[in-house]
Amino acid sequence: MKMKIGVSTLLYEDKDIVTSATKIAKSGVKRIELFCELAGFYPGEVTDETFDALASLAKDYGLTYSIHPPCTDLNPASSDPSERARVIEAYLGTVELATRLGIRDMVVHSGFKSDPDVPNADAFDFAGQTLQTVGKTTEQAGIVMLLENTCWGATDFLDTPQDLVALADLCPPTTKLLLDVGHAVIWGMNPTECARIWLPRLAQIHAHDNHGEHDEHLELGKGIIDWRELLCFLKAEHWDGIFMMEVVGQEDPEAALARSLDLVKTCLGNL
Ligand SMILES: [Zn+2]
């Protein structure tokens, strides 16, 4: 068993979901993350035509999809109950999409403090409540939640990688962890150290690069991240999860993906 490579539809973020997934499938990648913010894929607004197109694409190319709910203006740890209700609605809408497409893995975010003055413990409780509510439905639907590290800066409420494990412990027991490498460095953590701590429950990695400050979603190698260290560790541990490229393609998505895949291959091959 070894890790499997996947690619998020974020690669073609300015295209509609079917176009983006089709381009990725044609490149030979078998695991595709469907991001709900691409045109035509917002929960509650997806047409039968889009469902059919995605289902036949999966059949024709032997694809396995995972799903990423919308995240803009959606904060699971918000102090405002009405804002958390909107998150729950969007997440449950995503569960419906997943169910209809036979998807088994759904990303969820931990969120951030509504205000830097909010006590960490309060934000933790709010996030826990949101994820417990969503977790009941995902569990019944046979869908696994992948809890992703997201927070950084003044609105962080998770101080250590262990805190994400504690949050996952509030969710259904099937819940796994997702290491977003780009978010980890902005958080001020060493991604390899996060992988080490989360390894028993680490199901997926979001791979994209940045310069340590902003969530740039650059191709691998264009920022400050030490991919060699992380990949070396994963290989040594025989990690068999999904290494999901969450690169925004910008002007030349094919080239950005090809260079990112090359970097992974070089790192793994030279070990
Ligand atoms: Zn991510």
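For the pair CYS232 and GLU96 in one chain, pulling the backbone fully straight at 0.36 nm per residue adds 45.2 nm over the alpha carbon distance.
With the simple model of a label 7 Å out from the Cα in the direction of the Cβ, VAL165 to ASP215 spans 2.5 nm. Tell me, what is the percent relative contact order of the range 4-269, built from C-alpha pairs under 8 Å that lie six or more residues apart? For the range 4-269, the relative contact order is 17 percent. The label-point distance for LYS4 and LYS26, in a model that sets each label 7 Å from Cα toward Cβ, rounds to 2.4 nm. Evaluating 6.51 cos²θ - 1.76 cosθ + 1.60 at θ = phi - 60° for every residue in the range 241-256, the Karplus couplings come out as x, 9, 9, 9, 6, 10, 8, 8, x, 6, 6, 9, x, 4, 5, 4 Hz, glycine and proline recorded as x.
To put it simply, the accessible area of the chain at a 1.4 Å probe is 51 percent carbon and sulfur. Note on LEU199 and THR133: their simple-model spin labels are 3.7 nm apart, each label 7 Å out from Cα toward Cβ. Taking Lys and Arg as +1 and Asp and Glu as -1, the other residues whose beta-carbon sits under 11 Å from that of THR155 total -2.
Between ALA123, ALA207, ALA39, the GNM of the chain built on Cα springs shorter than 10 angstrom shows ALA39 fluctuating the most.
With contacts taken as Cα pairs under 8 Å at a separation of at least 6 residues, the range 175-256 carries a relative contact order of 30 percent.
For GLU33, the residues 5 or more places off, or on other chains, whose built amide H falls under 5 Å of its own are VAL7, SER8, THR9, SER66. Summary of the geometry: the range 111-154 and the range 211-265, compared by the centres of their Cα atoms, lie 26 Å apart. Of all lysines in the structure, the ones whose alpha carbon falls short of 28 Å from that of LYS30, not counting any fewer than 8 places away in one chain, are LYS2, LYS4, LYS15, LYS59, LYS176, LYS222, LYS235, LYS265.
For the range 128-271, the dipole from Cβ point charges (+1 on Lys and Arg, -1 on Asp and Glu) about the Cα centre works out to 520 debye, to the nearest 20. If you take all other residues with their beta carbon under 13 Å from the beta carbon of ILE143, and give Lys and Arg +1 and Asp and Glu -1, the sum is +1.
With one equal scatterer per alpha carbon and no solvent term, the Debye-computed log10 I(q)/I(0) for the chain at 0.07, 0.09, 0.14 1/Å reads -0.22, -0.38, -0.97.
A 1.4 Å probe run over the protein chains yields, for the range 4-269, 42 Å² of accessible area per residue, whole-number rounding.
The values are calculated or read from the model by the stated rules, or taken from the named source; none is laboratory data. This one's a predicted model, so the numbers in the text were calculated from it and none came from an experiment. Cβ coordinates were reconstructed from backbone atoms using ideal geometry, including for glycine residues, and neighbour counts include every protein chain displayed. Side chains included, ligands, DNA and RNA excluded: accessible areas come from the protein's heavy atoms. Shrake-Rupley method; radii C 1.70, N 1.55, O 1.52, S 1.80 Å.
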